[in-house]
Structures are given as C-alpha cells and as structure tokens.
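Peer 1: Right, I'll just put the structure down here and ask away after.
None of the figures in this text is laboratory data; all of them are computed from the coordinates on show. Everything numeric here is computed off the predicted structure, so don't read it as measured data. In this analysis, Cβ positions are derived from the backbone assuming ideal geometry, glycine residues included, and neighbour counts consider all displayed protein chains.
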Amino acid sequence: MSDVLRREIPNIDIWAYGTGDYVAMAALANYTQSEQKIVTNQNLQKLEPQFEKYHGTEICEQQPTCVKGSDKPLDLALVVDASESLDHLFSDQKKFLVDRVLGNINIHPEAVRVALITYSGQAFVHFKFNSFLYGNNTSVQGFVKNIRSIKGTTATNVALMDAFDLLTSKDPSTGIREGVPKMALVLTDGHSHRSPKDMAEKMRAAGIIMIAVSVTPRPLVDEAELRLIAGSEKRAFTPPNLHEFESEFMKYVGFGCDGIELPPDAKPQVRGATDVKCTEDSMSIVVRTQRALQGLMYAHMYHDEPECMMKKTDNNREIQMTFMEGKCGLVKTPSADGRGYHFNITVILQFHPLIITRADQGLDMSCFVPSAVPRQELDQAILKNAADTQCNYRLHRYSPGQCVALDAKVGETLYHRWECDSPPEYNYLVHDCFVQSEKHTQQILDSNGCEVDQHFLETPNYSRFKDYPDDAYVFQEMSVFKFPGDGDLIFHCRISLCNMKDPNAPCNQSIPPKCPKKVPVLPVRQKRDVSAEQWMSAEWRSKQIRKRQIELKNRSRRQIVETKQGYYMTLQVETRTLNVLLSESIRPRDSVKYCDIS
C-alpha cells in the first residue's frame, strides 16, 4: 500500500510510529524506506518536530515578517515650539505629532525611547528617555494632547541645547543608550529670536539626525530656518512637501522583524498598500510585496464572496483589485462640508491559501473623491448613516492605529479598537463584552461599559470623541492572557449608539461611562441573566469556535440585537480569532531584529 501511495501522490513523506516495547523495525522500514523515519518509544522526542514545518505559527517564525510599528531602537527627542506665534496652529501641530510621528513608532524600553521638550522664551524638559510614566504610546500621546502654548519669544537655540545635552549625556539616569541612533525632531514655524544654526550644526556633527517640520503654510513659515536646522532639504518639511514626511522618517524607525538577524540593507517582506485610487463609485488598490503572495487578498469579512476575493498563484509581487460601491464592505460617506466623498475599506493579505499565519496583514485604506454632494443627500446622510451604521472590533499591535494582530504571546501588549461609521453627532458605548475560548467564557465589561476585572481589560478610552471627532474610535490597551488548556480567544461586545445632541436622550450622560474604581479580584465566572445566557449558549459557542466558516456565509453582515434602553441602536461585534501562544519554545530566543525600508 505504501508503494501505491508513492505512485499516486508525488513527494509524499511517509513516517511510522512503532508502539510498545517490541517493534517490527523491518516491516516499518519497508513502509518508510528509511529507519530515520521511524519513531518508537526510544526516540519519541523526534515525533513532534516533524510537524513544525506544517504548523502556521512555526512557518511564520521560519519566514519572519516585517510589520508596521517599529521595534528598531532609536532615542528620539521631540522638540516642540509652543510660542505664541504658533498658537492658532498649535492643535494642528499636536495632531501631526500624535498621528504621524507617535503613530509610526513603538515606544518601548527596547525600541523607541522618547524625551519631550517644549519651548518659547525658555525650554521645558517634560520627561526624559527613562520615564516610567511615559514609556508607551498611549501615555505619550495622552500627554502631548494636553500640552499648551506658552507666552514668550521663540528660543529654538535654547531648546536645541537642552536636546543636545540629553542626547549626548553619559548619565545613565537619563535613559540614553550607548550605540543606539539619536534623533531630534523639531516642530516649529521658524522665526527664532536667535539663529539656531550653530547649535544645529553642533548636533549634526555629533551624529544626531535632525528633522525639522512645520504645519504653518507659506508665507508665514520661515523655510530657510527649517533647512538650517535639518541641514538638508530632504529632512525639512512644510505643507507643500509634508506628504513626503513618512518616507524620510520611516528610514530611521524602520520595521520590526521577528526571529531573524537581518543585514543592514535588508528589506521588509510586506510593503503594504502603495497605491489607492478612487472614482465616484469605486476604489482601486495596488499592493506590492517583497515576496510573491501565494495566497489570498480579500475584503475583511467578505472572503467568501468571489467579487471581493482574489487568489494569487503566480510570482508577481504586485496585486491589483477594484471594489465597487455597495459591495465588499466598501464604505462611501459624504464629507461634512459637502465637498466630496470619503471611501474606506479593510483588506486582508493572507500569505497562505488555506490558513491564517503571522505573516498576514490587515490594511486599512481610505481616499477622498472631490465632488459636489447634493444638498438633499447631505440632509439625508445623518438619518441614512445612523440607521445603516456598521461597527467593527479589532485587536491591534503596537497602537490602536497599527496592524491587526492574528496571534500573540501571553504578556504581550495588544490594543482593542471599536469603531463605527456613525454620523458626527452619534457617539457610542461599548458594553457587555465577553472573552470566549472553547471551554471558558468570561465577562470583561459590564452593561454600563465598565471593567469587570482590570486583569482582563480596563474601562475603554473614549478620548478621541473629544480630541479627534473626525477620526473617532474607542480603544484600550491589554496585556494578553489565556485560559489553561485553551489556545484561541474570541472577544465579543455590544455597541450602542447615542445622539449626543438630543437633549431628551438619557444616554448622552453615559458616554463615556462613569465607572467606580474596583478593587482587583481574582477572575471568577459571572452569573449571567437569561438573555445573556441564551446569547452565550453552548450551541452558539460551538458554532463560533468550530463552524466559523459556515456561519459567516449565512449570517447578516451587521448583527443588530435588542436595543439598549435609552439608546438609538445596539449592534453586536466580535474580533477575529486570536491565537494565544504560551510556550517560548515556538518563539526564537533572540530578541527582535530590525530592518530598514529604504
């Protein structure tokens, strides 16, 4: 029979496991054609390693990927002009700093360490590279959002002196690291009281990378001063070339690559979406990869619809696909000012034709099409969008705005992100959240949206409703956990919409939720009410874990459930399955290595 298998199935590899104390080695060798492919109780340790190359996680560790969100080390001094001349644009400057600087780095003691200096007539060092309070993206972003402009002149040279002292310090208490690249990123409109030229030259001579940025438009910005600070036109950015900022900045923060030591000129394997083009009824994308995609590209949650999925089997590293309005989850919304339409879609790159692996990426893509929006459509947009609101729930690495996580190790940091395409006056409450494995179900947020146990998940952060209403979502940081004996987790929540401008809506006093501080307790199974028990029934749980492909084909794209009292509408959302790793044996012992994208 073994000979028949070899004739019918090319490249088949036959192994044998001999049980018991006495094994007929000659017979087994006849099947395998090699005693090296026979496992017995005497060499049982050889069995499990034979399956490693067929296991998704191990495949990805053997072919590690470079993903957005750098683990490349950098000591970064942020030098922010807070003088009165920038007062009218200070919020734009902070938004740039949060979205396009902090949003592209991974702040961590082993990755990017950040120090913050603001200045006007004097300089203020808010925190240094060793700050425990400001040692991650969330805390630094929160601090930056709350800084204020300062009365006084513009003393850029004084701020650069402080930055130079920090970046060249030999005092280990500052958190500066020997052998790690140093950068000073200066946000200013120029117009310094005293030229920063000499100080900037001194910093560059010491090997410090200098980048100068201004959000101030011409003719109010002193572009010559920005070039003096940066020492090069390609590292001086003003509104006309601000779109090129990431292409320069990302050279120094790069991409993190798990499990491999890469040469200095190494390239990431996944470049992501490089071209996005929209017409009035479609979005076309071109994604380029560093290695050929032998797998799938599809719209998130629409992998079972042929028009929303492309299968790749060739060696071309460029993938092109067009999504039409009203299909594949492509969202088209009129801008609030009536000048055009925003398009948005999430696309998944799956590098294996059958299984989801660590190499896969979720790409969130948007574009804007200028077009006169009819007044009638604008008037109807609020009602239409409120009723047709769609929400999603994802787990992200590095920050809420970075790549989607498909697996994680216990203790690693992930970010929960809940987002709805609701009208501007509608905020939403995340509540009744559960984490579920095959054997366990645990509530993590109660009906008011408050944490049940901080060891699972703290009460979500709603600050973006106020700080960034045009790009609002709810998020929270989490340290990854798992249940004993279970490897996969799914998170479920309900999201309830509330019209914050309706004075008669009782819900507008409940967002964000007002939660009492809880005393940490050991996690216990919560007693649920009847409706929740029905929702989390054994049959339902079995379908979620064991028959997800069939269920996705049959269920509605939006899961509208019974509306929470006092709210406009309630939807049910869930994450993709998260594979939680416990054993270090399937992860490389070496720390994360790095590569540039230049």
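Peer 1: Could you tell me which residue out of Gln42, Tyr17, Val4 lies farthest along the dipole of segment 2-54 toward its positive end? Charges go on the beta carbon: Lys and Arg +1, Asp and Glu -1, centred on the Cα centre.
Peer 2: Val4
Peer 1: Given 25 °C and 0.890 mPa s, compute D for segment 2-54 with the Stokes-Einstein relation, Rh being the Kirkwood radius over Cα pairs; round to the nearest whole µm²/s. Show your work: numbers first, answer last.
Peer 2: Details: Rh = 11.9 Å.
After rounding, the answer is 205 µm²/s.
Peer 1: Next up: Holding the Cα-Cα limit at 19 Å, pick out from Lys251/Lys277; Lys145/Lys466; Lys94/Lys202; Lys151/Lys197 the pairs that are longer than that. It would help to have the intermediate numbers written out before the result.
Peer 2: Working: Lys251/Lys277 25 Å; Lys145/Lys466 11 Å; Lys94/Lys202 27 Å; Lys151/Lys197 23 Å.
In this structure, Lys251/Lys277; Lys94/Lys202; Lys151/Lys197 exceed 19 Å between Cα atoms.
Peer 1: Exposure proxy check: Cys433, Cys420 ranked by fewest other beta carbons within 10 Å?
Peer 2: Cys420, Cys433
Peer 1: While we're on this one: When Arg339, Arg394, Arg218 are ordered from fewest to most other Cβ atoms inside 10 Å of their Cβ, what list results? Let's see the in-between values first.
Peer 2: Details: Arg339 13, Arg394 24, Arg218 10.
Ordered by Cβ neighbours within 10 Å, fewest first: Arg218, Arg339, Arg394.
Peer 1: Ranking Met478, Met210 by Cβ neighbours within 10 Å, fewest first, what do you get?
Peer 2: Met478, Met210
Peer 1: Assigning unit charges at the beta carbon (Lys, Arg +1; Asp, Glu -1) and nothing else, what dipole magnitude in debye, to the nearest 20, does segment 2-54 show about its Cα centre?
Peer 2: Value, rounded to 20: 100 debye.
Peer 1: OK, next. With +1 on the Cβ of every Lys and Arg and -1 on the Cβ of every Asp and Glu, and nothing else charged, how large is the dipole of segment 74-253 about its Cα centre, in debye rounded to the nearest 20?
Peer 2: Numbers: 20 positive and 21 negative charges, 44 e Å.
Charge dipole, segment 74-253, about its Cα centre: 200 debye, nearest 20.
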